[in-house]
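Below is one structure, written out as structure tokens, with a few remarks after it.
The values are calculated or read from the model by the stated rules, or taken from the named source; none is laboratory data. Predicted model only: the values in this text are computed from it and were never measured. Glycine gets a Cβ as well: all are built from the backbone with ideal geometry, and neighbour counts include every protein chain shown. The accessibility values were calculated without ligands, DNA or RNA, using every heavy atom of the protein model including side chains. Shrake-Rupley method; radii C 1.70, N 1.55, O 1.52, S 1.80 Å.
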Amino acid sequence: MEIRVLSDADFRPWRKSDETLSNGQPLQTADLQALRLLISSSSNVVVCCHKSPDGDAVGSSLALAEYLRSQGKEVHVVLPDAAPAFLHWLPGYNTTLRYDKSPEEVKSVFSSADLICCMDFNTLSRVEDMKELVEESKASKLLIDHHLNPDVAAALTISRPEMSSTCELLFCLLWQLDAYTEMSMDCAMNIYCGMMTDTGGFTYNSTRPEIFFIISKILAKGVDKDLAYNKVYHNFSTSCMRLRSYVMLKKMQVIEHLHAAFFSITRAEMRRFRFQKGDAEGLVNEPLKIKGLKLSISLREDTERPNLVLVSLRSSCGFHCEPVARQFFNGGGHADAAGGKLYCSIADAEQIAIKSILAFESELKKTD
């Protein structure tokens with residue numbers, strides 16, 4: 001099949017009415033036909049997402065798998081590694097396969113697949129150790145994502161960076177595939193969780209009215225939004241809360257005149273507070289609660305690999321952190337939510353964070 005990469009020009013704006021989803025379609029006719037053909041011509045499907053999967057990655061993967069199974073497909077959802085514990089309640093999570101835990105089983109699944117659906121990542125480096133499995137597979141590939149500059153060689157790439165989440169994009173596609181009427185509550189719950197987590201509970205990247213039209217349709221399926229919120233955001237252990245408090249009290253460095261802040265977390269500190277995967281999730285957002293703060297940077301040592309620092313960036317008040325991630329942290333992402341990695345000590349990473357803030361001094365100093 002000819003490789004076709006969709007651009008923003010392929011997407012028509014949605015009308016803000018009850019006919020929005022049926023008349024303002026994300027895919028034009030030829031591309032919708034290509035999507036239908038990919039699905040109809042497959043029987044064994046692997047749905048995969050990026051390493052350290054978040055709510056959007058897990059939710060979109062499980063929701064798509066639910067739909068594909070309703071179409072009679074054999075489907076396996078493969079994660080490179082575990083998602084945070086606060087996502088394990090999602091419908092279908094207990095059926096997922098993990099490459100870090102069962103590499104031979106995952107290899108077997110990939111070898112028998114005739115379609116691989118790549119969810120919520122724009123480049124194969126995001127799946128890390130699974131990269132060769134995806135690259136070398138003879139199966140057709142479908143990419144559904146909302147990150148900038150997709151470069152996965154896929155039979156069909158559906159990319160919409162301005163959407164809040166891959167889950168939002170997936171809902172639009174399922175609607176266009178006439179799958180909404182038969183959509184299960186489990187499918188809807190996974191989509192809702194992905195949209196909720198990728199917008200911080202609809203507090204950022206969620207101003208478009210269409211998002212809430214979609215939410216109304218999801219709620220009509222019986223999704224309990226309060227349950228989802230409590231499962232995700234009210235799920236910390238005591239040691240996790242103590243870690244987060246410690247970081248804010250002892251580690252947060254605020255550069256007041258530049259409206260920026262950063263903090264670091266070492267392996268020793270994680271051991272002290274019995275760190276579990278997900279314990280630092282969303283912590284980078286906390287400094288943004290400071291009045292006028294424009295940039296927050298989180299630096300965390302990897303729990304296993306030395307001289308690897310995981311970086312998260314968030315921004316607000318008209319400043320965008322994506323260029324900072326790209327220029328200083330070997331990363332990228334969305335305008336106000338980005339990430340990256342540094343291959344150095346945590347002390348060196350702190351110096352790079354300071355350097356990055358100073359490099360954007362003029363923009364950070366600007367006032368409305």
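Going through (1) among the aromatic types (Phe, Trp, Tyr); (2) touching a residue at least 60 places away in the same chain (Cβ under 8 Å); (3) in contact with a Lys or Arg (Cβ under 9 Å, 6 or more places away or on another chain) one by one, PHE110 falls short only on (3). Look through the range 324-360, keep the residues that are within 27 Å of TYR204 (Cα to Cα) and among the acidic types (Asp, Glu), and return whichever of them is nearest to the chain's Cα centre (by Cα). That would be ASP336.
Remark: pairs (first residue in the range 25-50, open to solvent by 10 Å² or more (accessible area, probe 1.4 Å); second residue in a helix (DSSP H, G or I) and among the hydroxyl-bearing types (Ser, Thr, Tyr); Cβ separation under 8 Å; 6+ apart in sequence or on different chains) = ASN44/SER112. The residues of the range 215-230 include none that are among the β-branched types (Val, Ile, Thr) and in contact (Cβ under 8 Å) with a residue 60 or more places away in the chain.
The residues in the range 139-150 that are modelled with pLDDT of 95 or more and open to solvent by 20 Å² or more (accessible area, probe 1.4 Å) can be counted, and the count is 2. Restricting the first member to the range 308-332 and to residues that are under 24 Å from LYS291 (Cβ atoms), and the second to residues that are of a type in the set (Ser, Thr, Tyr) and open to solvent by 40 Å² or more (accessible area, probe 1.4 Å), the beta-carbon pairs closer than 8 Å and six or more apart or on different chains are SER316/TYR204. Per the conditions (1) surrounded by fewer than 18 Cβ atoms within 10 Å (Cβ to Cβ); (2) over 14 Å from PHE121 (Cβ atoms); (3) aliphatic (A, V, I, L, M), the sole criterion not satisfied by ALA153 is (2). If I go through the range 231-266 residue by residue, how many of them are assigned to a helix (DSSP H, G or I) and either within 21 Å of SER356 (Cβ to Cβ) or in contact (Cβ under 8 Å) with a residue 24 or more places away in the chain (or both)? The total comes to 15. Among the residues of the range 308-325, those that are at pLDDT 95 or above and assigned to a loop (DSSP other than H, G, I, E, B) comprise LEU308, PHE319, HIS320, CYS321. As a summary of the residue check, HIS88 satisfies the conditions (1) surrounded by fewer than 22 Cβ atoms within 10 Å (Cβ to Cβ); (2) at positive phi; (3) not β-branched (Val, Ile, Thr) except for the one numbered (2). Taking the listed residues GLY278, GLY318, GLY292, GLY282, the one that is among the small types (Gly, Ala, Ser), open to solvent by 40 Å² or more (accessible area, probe 1.4 Å) and out of contact with any strand residue (DSSP E or B) (no Cβ under 8 Å at 6 or more places or on another chain) is GLY318, with no other qualifying.
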